[in-house]
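Here the structure is laid out as structure tokens; the discussion comes afterwards.
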Amino acid sequence: MSKEKEGYAENRSKLAELIKKTPPKTNIQEVRPVATKPTQKEEESHVNIWIPKTLFVKLKMESARTGKTIKQLTIEAYEKHLGVD
């Protein structure tokens, strides 16, 4: 075996022994849940109304187009009409 190969084999065995003796240094990441502030939901009331079918169809189409619920659209319409923020 050449001197170069012997040196390589010796260095490799030294490295292997060093790896065996040295304990692994693993960083442990602490995971904490994200703190959220509790939100107070405004008390709600139930409303039953009768509206023309054509208006209801338009409401459903708007709901599908915007991705908002019928409830959200109705509340927005009431707020706009009453000037409520």
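Summed over qualifying helices (DSSP H, 4 residues or more, each -39500 (n - 2.57)) and divided by its residue number, the chain shows a 222 nm mean residue ellipticity of -18000 deg cm²/dmol.
Close lysine pairs were tallied over segment 1-56: pairs 8 or more places apart or on different chains with Cα atoms under 29 Å apart number 7. Quick check: net charge around L73, other residues with Cβ under 13 Å of its Cβ, Lys/Arg +1 and Asp/Glu -1? So the surrounding residues net to +3. Using the Stokes-Einstein relation with a Kirkwood hydrodynamic radius computed over Cα pairs, the translational diffusion coefficient of the chain at 4 °C and a viscosity of 1.567 mPa s comes to 62 µm²/s.
Using the Karplus relation 6.51 cos²θ - 1.76 cosθ + 1.60 with θ = phi - 60°, the per-residue 3J(HN,Hα) values for segment 70-79 come to 4, 4, 4, 5, 5, 4, 4, 5, 4, 5 Hz, with x marking Gly and Pro. Dividing the alpha-carbon radius of gyration of segment 46-85 by the rule-of-thumb value 2.2 N^0.38 Å gives 1.19. Selection among P52, Q72, V84 by position relative to the dipole of segment 46-85 gives P52 as farthest towards the positive end (Cβ unit charges, Cα centre). Relative to the longest principal axis of the chain, what angle (0 to 90°, nearest 10) does the C-alpha long axis of helix 3-21 take? Taking the Cα atoms of the chain, the angle to 3-21 is about 50 degrees.
Taking 0.36 nm per residue of separation and subtracting the Cα-Cα distance, full extension of the segment from H46 to S2 would add 6.7 nm.
Relative to the first principal axis of the alpha-carbon coordinates of the chain, what is the inclination of helix 53-66, with its axis defined by its Cα atoms, in degrees from 0 to 90 and to the nearest 10? For 53-66 against the chain, the angle is about 20 degrees.
Think of each Lys and Arg Cβ as +1 and each Asp and Glu Cβ as -1; about the Cα centre, that makes the dipole of the chain roughly 440 debye.
No lab work stands behind these numbers, since they all come straight from the coordinates. Please read all numbers here as calculations on a predicted model, not as lab measurements. Glycine gets a Cβ as well: all are built from the backbone with ideal geometry, and neighbour counts include every protein chain shown.
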